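Remarks on the structure that follows.
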Amino acid sequence: MKITALILLISISLISCHTSNTNVDKVNQYYNAFNVSNYDQIKSLITDSIVITEGDYVMPYSHETFHEHFKWDSVFQPSYKIIDLLEKNDKVIATVEVHSLRFKFLKNNPLTCKHQISFKSGKLNKFENLNCINADWSLWEKERDSLVQWTKIHHPELDGFINDLTMNGAINYLKAIELYTLREQQ
């Protein structure tokens with residue numbers, strides 16, 4: 001009986017010590033941290049500098065500037081849902097569906113995109129946007145441009161929100177959306 005209990009205890013210990021922490025697991029942890037607004041967990045998963053690319057547009061971030069990006073994004077109350085994860089040659093291809101107040105206004109909610117995620121020293125260090133499967137960019141631009149032009153005329157105190165990627169810029173963006181939407185309802 002003692003030997004059976006000892007073997008069971010050792011087996012449980014070995015199983016609990018062998019927690020998987022693959023690149024796929026790290027990507028899951030990253031998006032889960034975004035969903036619960038846990039920047040400290042995100043910071044622990046990324047390298048000291050991280051790069052996000054969208055076509056020819058390259059955005060390098062330090063921890064501090066990525067934290068600003070995180071705060072900007074959080075104003076729009078996003079929720080991330082991983083649709084698919086595929087590990088290929090030490091990279092992860094993640095298909096992610098994102099719902100947010102901004103995407104809702106831009107009539108692209110949810111926005112589902114594929115990202116290729118690269119790693120360095122076991123941490124996430126580059127996100128490359130491969131494509132957004134369901135995006136209607138012409139509708140996005142039309143909605144965005146209408147909002148920007150209307151805001152410039154009717155609420156100049158909020159003008160410039162579109163290029164202000166700080167938390168305050170996101171708050172102004174959301175305020176412009178609210179005012180614009182109220183205008184449509186009157």
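Only one of (1) 54; (2) 23; (3) 29 was calculated from the structure for percent of Cα pairs over 31 Å apart, and its label is (3).
Fewest-first ordering of V58, V24 by other beta carbons within 10 Å of each residue's beta carbon gives V58, V24.
Think of each Lys and Arg Cβ as +1 and each Asp and Glu Cβ as -1; about the Cα centre, that makes the dipole of the stretch 136-186 roughly 100 debye.
Among W150, W72, a tally of other beta-carbon atoms within 10 Å of each Cβ gives an order, fewest to most, of W150, W72. Working from Cα pairs under 8 Å separated by at least six residues, relative contact order for the chain is 18 percent. Which value, in debye to the nearest 20, describes the size of the charge dipole of the chain about its Cα centre when Lys and Arg Cβ atoms bear +1, Asp and Glu Cβ atoms bear -1, and nothing else is charged? Once rounded to the nearest 20, the dipole reads 560 debye.
Mean sequence separation of contacting Cα pairs (under 8 Å, at least six apart), scaled by the length of the stretch 106-149, corresponds to a relative contact order of 43 percent. GNM on the chain, alpha-carbon springs under 10 angstrom: the most fluctuating residue among K142, K107, K91 is K142. For S118, S138, S49, S62, the sequence from fewest to most other C-beta atoms within 10 Å is S138, S62, S49, S118.
The GNM of the chain, with springs linking C-alpha atoms under 10 angstrom apart, assigns the highest mean-square fluctuation among N28, N168, N89 to N89. Between L85, L139, L124, the GNM of the chain built on Cα springs shorter than 10 angstrom shows L139 fluctuating the most. Projecting the Cα positions of T112, M167, H154 onto the charge dipole of the chain (unit charges on Cβ atoms of Lys, Arg, Asp and Glu, taken about the Cα centre) puts T112 furthest along the positive direction. Under 19 Å of direct C-alpha separation, and excluding same-chain neighbours fewer than eight residues apart, K152 reaches these aspartates and glutamates: E141, E143, D164, E178, E184.
The mean sequence distance of close C-alpha pairs (under 8 Å, at least 6 residues apart), as a share of the length of the stretch 59-109, puts its relative contact order at 29 percent.
The numbers here are math on the coordinates, done by the rules we state, and not lab data. Just so we're clear, the structure is a prediction, and the values are computed from it rather than from any experiment. Here Cβ is always computed from backbone atoms with ideal geometry, including for glycine, and neighbour counts include all displayed protein chains.
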